[in-house]
Amino acid sequence: MAPRKIIIDTDPGQDDAVAILLALASPEDVEVLGITAVAGNVPLRLTAKNALIVCELAGKPEIKVFAGCDAPLKRKLVTAEHVHGKTGLDGPQLPAPQTALQATHAVDFIIETLRNHPSGTVTLCSLGPLTNIATAFGRAPDIIGRVQEIVLMGGAYFEVGNITPTAEFNIYVDPEAAEIVFKSGAPLTVMPLDVTHKVLTTRPHIQVFRDMGTETGRMVAEWTDFFERFDKEKYGSDGAPLHDPCVIAWLLQPELFSGRKINVEIETGSELTLGMTVADWWGVTGRAPNALFIGDVDAEGFFALLTERISRLQPAQEEPR
């Protein structure tokens, strides 16, 4: 079977970086047509720069990176330096990227790619706020029916919120964009906090990355060392959730996950619950399902996949050991 064609829409972020690495390490399963950066965890100038750095770390400098929207559709940007550090990839020292961003705007790239590929053959993988995708859908509604699937990290039900008592960060940053995407009719698969909080970067898992003996493995270990400090203190857990790699893992081994096709609505009007994903898990509203909402994961299977794939990667200048 030919690799699945994907666009990764992202706001790196250490866990975004690990997700990108997982995709780039899996060419037999996914073909990364491009990476589109959006403002989120840190401002756009840093998320775009970070995407370039990650591609170079993976030894894939040929991957094209496009800068996109620098602010939510209707709101002031909320960022997460308190989790990811001032660069978004705090932890290890990182060299400046040697490659450059593409001149095309990310939204234009999304539109052109969906129009130029056969309908139903391109999947959008959203790891951050949905601003780029919603903007593309608003500007070119004809592309919505051409999307194979949108797989996104965002929202929560049983785990409620991580940036407010009721909202997950990616949805909260641009709830209007999320509302557009969830109401678009495009096929949706959602990785909420309910599943991502089950894949924790425990000490043994991090040690496996460190023991790989590669620069990529060391970087992943140091990134997870850095960002887990916040979540371990917040949740009292043994490690931090690896949110965004769940999106790519779903494409590679969907049998690791389970969920339900349900209706999900986005709260955009209430100050108290702004950005909440109102997930009809129990089917009490009668509203038509619009998303496959993932609720569980085989965590050990997930980490086995992640470590095997990450171990394949080495920066282009690094000699195999």
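Would you point out the residue of segment 124-150, among those that are of a type in the set (A, V, I, L, M) and assigned to a helix (DSSP H, G or I), that is surrounded by the fewest Cβ atoms within 10 Å (Cβ to Cβ)? For segment 124-150, the residue satisfying everything is ILE144. Whenever a residue of segment 195-219 is within 20 Å of LEU24 (Cα to Cα), its partners that are part of a loop (DSSP other than H, G, I, E, B) and basic (Lys, Arg), lying with C-beta atoms within less than 6 angstrom and at least six residues away or across chains, give the pairs GLY213/ARG321. Inclusion of ALA156 among residues that are in a loop (DSSP other than H, G, I, E, B), touching a residue at least 60 places away in the same chain (Cβ under 8 Å) and out of contact with any helix residue (DSSP H, G or I) (no Cβ under 6 Å at 6 or more places or on another chain) is not warranted. Listed by position, the helices (runs of 4 or more DSSP H) contained in segment 1-107 that have at least 1 residues being at pLDDT 95 or above, out of contact with any helix residue (DSSP H, G or I) (no Cβ under 6 Å at 6 or more places or on another chain) and of a type in the set (A, V, I, L, M, F, W, C) are 14-24, 44-57.
For segment 54-94, filtering for residues that are more than 23 Å from ILE133 (Cβ to Cβ) and either touching a His at 6+ places or on another chain (Cβ under 7 Å) or among the β-branched types (Val, Ile, Thr) (or both) leaves 2. Against the numbered list (1) more than 18 Å from the chain's Cα centre (by Cα); (2) at pLDDT 95 or above, PRO187 comes up short only at (1). Scanning segment 62-70 finds one or more residues that are touching a strand residue (DSSP E or B) at 6+ places or on another chain (Cβ under 8 Å), of a type in the set (Val, Ile, Thr) and farther than 21 Å from THR196 by Cα.
Results for (1) of a type outside the set (Phe, Trp, Tyr); (2) more than 23 Å from HIS243 (Cβ to Cβ); (3) in a strand (DSSP E or B); (4) over 21 Å from the mean Cα position of the chain (by Cα), shown as yes or no for each residue.
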residue: GLY283; (1), (2), (3), (4): yes, yes, no, yes
residue: ILE294; (1), (2), (3), (4): yes, no, yes, no
residue: LEU306; (1), (2), (3), (4): yes, no, no, no
residue: LEU313; (1), (2), (3), (4): yes, no, no, no
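The values are calculated or read from the model by the stated rules, or taken from the named source; none is laboratory data. This one's a predicted model, so the numbers in the text were calculated from it and none came from an experiment. Heads up, the Cβs are rebuilt from the backbone with ideal geometry, glycines too, and the neighbour counts pull from every protein chain shown.
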